[in-house]
Amino acid sequence: MAEDNTPAVLLKNLNKWYGEFHVLRNINLSVKRGEKIVVCGPSGSGKSTMIRCINRLEEHQEGSITVDGIELTDNLKNIDAVRAEVGMVFQHFNLFPHLTVLENCTLAPIWVKKMPRKEAEEKAMYFLDRVRIANQAHKYPGQVSGGQQQRVAIARSLCMSPRIMLFDEPTSALDPEMVKEVLDTMVMLAKEGMTMLCVTHEMGFAKAVADRVIFMDKGEIVEENEPEEFFSNPQSPRTRTFLEQIL
Amino acid sequence: MAGKTSQSEGASRTVSDVLHNETFRAILAQVILVGAVVLAAWYLVSNTLDNLAARQISTGFGYLTKNAGFEISDKFISVSAANSYGRALLAGLVNTLVVSLISIVLASLFGTIVGISRLSKNWLVAKLALTYVEGVRNIPLLLQLIFWWKVITAIAPQPRDALQILPEVFFSNRGLNFPLMSPDPVWGWVWLGLLVGIIGAVFIWRWANKVQARTGKRPGSIPLYLASIIGVPVLVWLVGGAPTGVDAPVLGRFSLTGGGSVSTALLAMIVGLTFYTSTFIAEIVRSGIQAVSHGQTEAGDALGLSRRQVLRLVVLPQALRVIIPPMTSQYLNITKNSSLGVAIGYQEIASITNTTLNQTGQAIEAIALMMVVYLSVSLTLSLLMNWYNHQIKLVER
């Protein structure tokens, strides 16, 4: 455990290339403990890539990433330590279809944290209850709706007691009427003080919970500001064009 | 008159209605089809019976009890020239099952390794696997069987110069000769001990699951498995007086006698069937693993599961449901392809049927019997695999 004043996530001069394509250019970002950050920007701007670097689903080539005082290198121990701190929710849920909702939530606690099954199940039921889906615990992912699946995915992450949660466009694969139930769950998490980095275009969510909004374009952070300022008074013309298109 | 006209118009409309009725047409088509099939069958059967009668060939399965009069070189049940055709055919069936079973096990193991190698990030390993798959699966199996048979008979030395590849294990152009333990009643008990040991390992596995569920820590059970599977039979062997008599092959002038042996033909069959089928299994395994979306691996990674855990707990259970149905087809193919043994003198059921019908002239019965046997073996295998497939099926809705 790191000291309380160390940043939860610290990105320094982060650079990444896919072959010739420069996806991330000199990213510098410091996230305080308990801070909620919304990342937006046009598609292909590198926002997903950036947060996927934070738990090493993508490798970076230059610069440094430090999560809770642990630097991400190719040292497998550090990678495991970081992944234990960081939970992730994906655009397409990525639930395990061969396991029940409950088993999805207990798999990692049992095999990674070596938790007794009963304890893991109790913990899973607690979080499934928190995301209001405990009554579906024994169904398979294919048997519940998209919104419910995404809430299970959130519960699955929470079962590993992460200190930081990453959300990669968690609502963009959902039918409109299911977006709210997932956002409500995320708002609940935010109110409990979870450190959150969230790639989303849900501007209502950004206004409601974000401490900072970050706008990315062509692999770099173009603008970062408090949500009020960001939406009412964007500094960069690129931000302005983007906001005009989505609002 | 007007009434009558309208009535007949009504009737004619009804006939036309019936002719255009969907149900009527469906039934009519089926009646015509069934009629054609029955007619064709009747023609074939009556024609055959007429011809058999004209040539004075008797029909029936009486020939099965007659003396076969030929020897079988590879045998896993006792059979000799003095036995009946029925017994010879049974020995042939056993030979079919033996070569199929061995090839199924080896092809599955080897094919899985090659399939995973094709996905390797190591360039050389991946390309070697690709070359192997594309080379071997595109050459007809019959040619490969003849090739292996030729290689072994042409390159391997005469029995008197047999290569001793392991102590007391000889390789010559007659095949492989290896030592067997001398017969002793204790060996029966040792085999039983092995069975008990394997059952014991299953119990240890279930015990490990329970301990893990209760405490979270999985006991290191691999030494326990080994202790059970190896220890129990060894213990039985020691208690039984530890017989050590060995029946080793003896190098004669023209052949090797004593011990156990595997003929050139069986060796070529196993090598050929294994290599050929492993290429198809490799492709099935590769496509099965690739069918599991990358998001599944990422979700496992993000939860902190190790690479091995992701493979074992997330990817493989899902890949398996894609792999099993085509794998069943390959197992059936091995069983049916073993009939190519007829080309290189491996006496499996097709080969023995061939000899039988040559000697007795009971072509229809012999062929029919062989078809029934293959059908039964294949359907049994199919049923088993379908049952297994059902066990691991995904629940969708």
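The values are calculated or read from the model by the stated rules, or taken from the named source; none is laboratory data. None of these values were measured; they are calculated from a predicted model. Backbone-built Cβ (ideal geometry, glycine too); neighbour counts: all protein chains shown.
Key figures
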item	result
Close pairs (6 angstrom Cβ cut-off, 6 or more residues apart or separate chains): closer than 14 Å to A:Lys113 by Cβ and within 14 Å of another protein chain (Cβ to nearest Cβ) in the range B:199-218, outside any helix (DSSP H, G or I) and modelled with pLDDT under 90 anywhere	B:Gln212/B:Arg218
Residue within the range B:150-170 that is among the charged types (D, E, K, R), at negative phi and either outside any helix (DSSP H, G or I) or touching a Pro at 6+ places or on another chain (Cβ under 7 Å) (or both) present	no
Among (1) facing another protein chain (nearest Cβ under 10 Å); (2) not in a helix (DSSP H, G or I) - the single one B:Thr244 does not satisfy	(1)
Which listed residue is free of Cβ contacts under 8 Å to residues at least 60 places away in the same chain and assigned by TED's automatic domain parsing to the domain that holds B:Asn337, from B:Thr257, B:Thr277	B:Thr257
Per-region count, the range A:72-86, residues charged (D, E, K, R) and within 19 Å of the chain's Cα centre (by Cα)	3
For B:Gln144: the one exception among (1) within 19 Å of B:Gly175 (Cβ to Cβ); (2) in contact (Cβ under 8 Å) with a residue 60 or more places away in the chain; (3) not in a helix (DSSP H, G or I)	(3)
Number of the exception - A:Ser161 against (1) buried (at least 20 other Cβ atoms within 10 Å of the Cβ); (2) within 14 Å of chain B (Cβ to nearest Cβ)	(1)
Of all residues in the range A:94-109 being within 7 Å of chain B (Cβ to nearest Cβ) and not in a loop (DSSP other than H, G, I, E, B), the one that is nearest to A:Pro141 (Cα to Cα)	A:Leu107
The range B:206-217, residues that are assigned to a helix (DSSP H, G or I) and surrounded by 13 or more Cβ atoms within 10 Å (Cβ to Cβ)	B:Trp207, B:Ala208, B:Asn209, B:Val211, B:Gln212, B:Ala213, B:Thr215
Test: residue in the range B:55-62 that is at pLDDT 90 or above and under 36 Å from the mean Cα position of the chain (by Cα)	no
Test: residue in the range B:143-153 that is out of contact with any Gly (no Cβ under 8 Å at 6 or more places or on another chain), under 21 Å from B:Lys336 (Cα atoms) and surrounded by fewer than 16 Cβ atoms within 10 Å (Cβ to Cβ)	yes
Odd one out for B:Val196, checked against (1) within 20 Å of B:Gly175 (Cα to Cα); (2) surrounded by fewer than 18 Cβ atoms within 10 Å (Cβ to Cβ); (3) among the β-branched types (Val, Ile, Thr); (4) touching a residue at least 24 places away in the same chain (Cβ under 8 Å)	(1)
1 or more residues touching a residue at least 60 places away in the same chain (Cβ under 8 Å) and not hydroxyl-bearing (Ser, Thr, Tyr): qualifying helices (runs of 4 or more DSSP H) within the range B:287-397	B:316-337, B:341-344, B:349-360, B:363-391
Every residue from the range A:116-152 that is more than 12 Å from chain B (Cβ to nearest Cβ), assigned to a helix (DSSP H, G or I) and of a type in the set (A, V, I, L, M)	A:Ala124, A:Met125, A:Leu128, A:Ala134
Qualifying residue in the range A:78-91 (condition: assigned to a loop (DSSP other than H, G, I, E, B), at the interface with another protein chain (Cβ under 8 Å from one of its Cβ atoms), crowded, with 22+ Cβ neighbours inside 10 Å and not small (Gly, Ala, Ser))	yes
Enumeration of residues in the range B:159-209 that are basic (Lys, Arg) and assigned by TED's automatic domain parsing to the domain that holds B:Gly252	B:Arg160, B:Arg174
Given (1) surrounded by 23 or more Cβ atoms within 10 Å (Cβ to Cβ); (2) more than 14 Å from chain B (Cβ to nearest Cβ); (3) not β-branched (Val, Ile, Thr), index of the condition A:Gly44 fails	(1)
Filtered residues of the range B:154-176 (kept if in contact with a strand residue (DSSP E or B) (Cβ under 8 Å, 6 or more places away or on another chain) and either within 18 Å of B:Tyr346 (Cα to Cα) or buried (at least 18 other Cβ atoms within 10 Å of the Cβ) (or both))	B:Ala156, B:Pro159, B:Ala162, B:Phe170, B:Phe171, B:Ser172, B:Arg174, B:Gly175, B:Leu176
Of all residues making up the range A:1-45, the number that are closer than 19 Å to A:His201 by Cβ and out of contact with any Leu (no Cβ under 6 Å at 6 or more places or on another chain)	9
Selection count where residues are within 25 Å of A:Leu189 (Cβ to Cβ), polar (S, T, N, Q) and assigned to a strand (DSSP E or B), scope the range A:1-48	1
Residue in the range B:218-236 that is of a type in the set (A, V, I, L, M, F, W, C) and outside any helix (DSSP H, G or I) present	no
Filter result for the condition that a residue is in contact with a strand residue (DSSP E or B) (Cβ under 7 Å, 6 or more places away or on another chain), surrounded by fewer than 22 Cβ atoms within 10 Å (Cβ to Cβ), free of Cβ contacts under 8 Å to residues at least 40 places away in the same chain and among the acidic types (Asp, Glu), over A:Glu223, A:Glu177, A:Glu192	A:Glu223
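Yes or no, residue by residue, for (1) within 22 Å of B:Ser382 (Cβ to Cβ); (2) in the same structural domain as B:Val271 (by TED's automatic domain parsing):
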residue	(1), (2)
B:Ser80	no, no
B:Gly86	no, no
B:Val94	yes, no
B:Val133	no, yes
B:Pro140	no, yes
B:Ile146	no, yes
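Yes/no per residue for (1) over 11 Å from B:Leu256 (Cα atoms); (2) at pLDDT 85 or above:
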site	(1), (2)
B:Pro159	no, no
B:Pro167	yes, no
B:Gly175	no, no
B:Gly193	yes, yes
B:Val196	yes, yes
B:Ile199	yes, yes
B:Val202	yes, yes
B:Trp205	yes, yes
